Amino acid sequence: MLSLSLVLAAILVSFRHFSWGMELDLDDPDSLRLATALLADGILDYYSGKDPGGTVGMFTNPYYWWQAGAAWGSILDYGFYMENNTYEGHLIEAMLAQVGERIDYVPAEQATTEGNDDQAFWGMTAMAATERNLTNPPEGQPQWLALAQAVFNTMASRWDDSTCGGGLRWQIFKFNDGYDYKNSVSNGALFHIASRLARYTGNNTYVEWAEKTYDWMQDVGFIADINGWHFVYDGAPVEGDCRNTSRLQWTYNHGLILSGCAYLYNYTGSDIWHERTRNFLQSAVVFFDDDEILHEAACQGVGPDGVNTCNVDQRSFKAYFSRFLGLTAQLVPESRTQIMSWLRASALAAASSCSGGYDGHTCGMNWFIGHWDGVYGLGEQMAALEVFQNLRCLDRPAPYTAADGGSSIGNFAAGTTPVKYRAPPLNINRGDIGGAVIITTIIGITIAVCVVWLVI
Ligand SMILES: *[C@@H]1O[C@H](CO)[C@@H](O)[C@H](O)[C@H]1NC(C)=O
Ligand SMILES: *[C@@H]1O[C@H](CO)[C@@H](O)[C@H](O)[C@H]1NC(C)=O
Ligand SMILES: *[C@@H]1O[C@H](CO)[C@@H](O)[C@H](O)[C@H]1NC(C)=O
Ligand SMILES: *[C@@H]1O[C@H](CO)[C@@H](O)[C@H](O)[C@H]1NC(C)=O
Ligand SMILES: *[C@@H]1O[C@H](CO)[C@@H](O)[C@H](O)[C@H]1NC(C)=O
């Protein structure tokens, strides 16, 4: 009898731990706070900048530099939505450490592999810092708005009329694979950043760039309109005039365009942007199953047995899509019912996947099975965090503008004039220096002892 109840208790305990995932009560702010804190901490577990010898701003292998920029965007919104500034120090230090010598997010260490999309993801984090009124860096240091403008200006300067009638190439440099490909993430990000800068600054030059980029993507067929359905395809080689299009649809491309339209509609009030916002919103249904659970349709199937061929980058796309849905809901009141319904269903499903790892709250990729699928990484952790924290989008202010709530100092010419910048030395406090001296001394003595031992 005793042993039977022990077995039962054990089964119940394991059911609790392995089947229910992370507890999340959608309508209890404390529950959301607890869940997002665990996930944000999980993201920082992958941050190498906090380890001795690690690079400030970078995440551990195999996460590329672009994803680091994107992850800081998740941490930034964590701070804003959950009203928790625990990680602000790391965030600001990371964002300044990676601006590069020309203060445009093309640092020398990345320059040889960096694409337009990579630069754009850091630029979007700078844009979010501007719109969320993140603490401004001290005078003399790069400022958030000017950084977003530098990313915009340098990207716009790469507009290439020599092939396909315009557009950005994927890569910045000729010697990189992908230089001969034009794609939606690079052009969509230019459109998206231009839309945000337009609304924030009130300068209509950015609207003109957004229109030009959107029109080009539509002309070339990257943005398709099929009986009112609006889709965003991956891209095409410049050979063949960008007509041989890869029709893969990624959540983050759809989100870049949807939310860009939402910014433009919010700023201009125009019928065209209204109509486009509505169409992209309705068409986003292709990324949800019948129960409104989000999935990365191009590399992930629906349901417990759905295939998963998503690579390390693609596994993070649901994070940005959730972020862009939250922005859209903030800016376009009529989108709110649909977006909150998607976010709520997906958050519950994602929470059920967060039962993995030695910590018991590592999140998985498949949100359909009600427990962890054995897959883990920075992308999975970010996707769950973003879908959770965007549940707060209507409880927190919409993106500020220069005229209303924002305080970052900009520079319309940022990125167009040569500068030579060195990030400030890190703030190492006396305790850390003391520790470093002791460690150096110990290592020194150890080497000396070894040498003596070898000689003897
Ligand atoms: C703030 O965030 C940190 C890091 O995620 C977490 O440990 C802490 O519990 C959070 N505080 C509150 C009040 O939620
Ligand atoms: C179009 O792209 C496909 C897949 O990349 C390739 O196999 C095919 O040869 C291309 N067609 C042309 C006409 O370039
Ligand atoms: C723009 O966004 C603000 C903030 O949410 C909202 O109050 C306003 O109604 C929006 N404007 C339009 C035209 O939708
Ligand atoms: C933005 O930050 C500035 C500078 O810290 C501050 O004066 C201002 O009140 C902040 N705006 C909002 C809406 O909190
Ligand atoms: C608007 O932005 C453009 C492009 O960055 C800049 O050249 C122009 O000077 C700005 N206009 C005003 C009135 O500040």
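Figures for the structure shown
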item: Residue-by-residue Karplus 3J(HN,Hα) for the stretch 242-257, coefficients 6.51, -1.76, 1.60, Hz, glycine and proline x; result: 6, 9, 8, 7, 7, 8, 5, 10, 9, 4, 5, 5, 4, x, 4, 6
item: Pairwise Cα inverse-distance average, inverted: Kirkwood Rh of the stretch 212-295 (Å); result: 13.5 Å
item: FRET E, pair V307, S270, Förster distance 41 Å, beta-carbon r, rounded to 0.05; result: 0.50
item: Over the chain, relative contact order from alpha-carbon pairs under 8 Å, at least 6 apart, %; result: 19 percent
item: Within the chain, helix-based [θ] at 222 nm, where runs of 4 or more DSSP H residues each add -39,500 (n - 2.57), nearest 500; result: -16500 deg cm²/dmol
item: Relative contact order of the stretch 137-212, defined on C-alpha pairs under 8 angstrom at six or more residues apart (%); result: 19 percent
item: Backbone HN-Hα couplings from phi across the stretch 78-92 [Karplus 6.51/-1.76/1.60, Hz, Gly and Pro as x]; result: 4, x, 6, 5, 8, 6, 9, 9, 3, 9, 4, x, 4, 4, 5
item: Rounded Å value of the spacing that divides the Cα centres of the stretch 102-116 and the stretch 330-355; result: 35 Å
item: Translational D in µm²/s for the chain (Stokes-Einstein at 10 °C, 1.306 mPa s, Kirkwood Rh from C-alpha pairs); result: 69 µm²/s
item: Cα lying deepest toward the dipole's positive end in the stretch 21-421, options N176, F368, C393, charges on Cβ; result: N176
item: Antiparallel DSSP beta bridges within the stretch 21-421, as percent of all bridges there, nearest 5; result: 95 percent
item: Difference of contour (0.36 nm per residue) and Cα-Cα distance, Q282 to T417; result: 44.4 nm
item: Residues of type aspartates and glutamates that K212 reaches as a straight line, Cα spacing below 20 Å, ignoring anything fewer than 8 places off in the same chain; result: D117, D160, D161, D225, D234, D241, D271, E275
item: Assigned charges on the beta-carbon of Lys, Arg, Asp, Glu; the stretch 154-293 dipole about Cα centre (debye); result: 460 debye
item: Selection from Y105, G379, G356 lying farthest towards where the dipole of the stretch 21-421 points positive, charges on Cβ; result: Y105
item: q = 0.10, 0.12, 0.14 Å⁻¹: log10 I(q)/I(0) that the Debye formula gives for the stretch 291-396, counting C-alpha atoms only; result: -0.25, -0.36, -0.49
item: Cα centroid separation, the stretch 139-171 to the stretch 215-266 (Å); result: 19 Å
item: Exposed-loop-free span, longest in the chain, where trypsin sites (Lys or Arg not before Pro) count as exposed if DSSP calls them loop and at most 14 other C-beta atoms lie within 10 Å; result: 1-173
item: Dipole in debye (nearest 20) - the chain, about Cα centre, beta carbon charges: Lys, Arg +1; Asp, Glu -1; result: 700 debye
item: Estimated vicinal HN-Hα couplings, Hz - the stretch 67-74 in sequence order (Karplus 6.51, -1.76, 1.60; Gly, Pro = x); result: 5, 4, x, 5, 5, 5, x, 5
item: Cβ-placed point charges (K, R +1; D, E -1), dipole of the stretch 67-218 about Cα centre in debye, nearest 20; result: 240 debye
item: Between the stretch 19-97 and the stretch 270-289, the alpha-carbon center distance in angstrom; result: 30 Å
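No value in this document is a laboratory result; all are computed from the given coordinates. What you are looking at is a predicted structure, and each value in this text was computed from that prediction instead of being measured. FYI the Cβ positions are ideal-geometry reconstructions off the backbone, even for glycines, and counts take in every protein chain you see.
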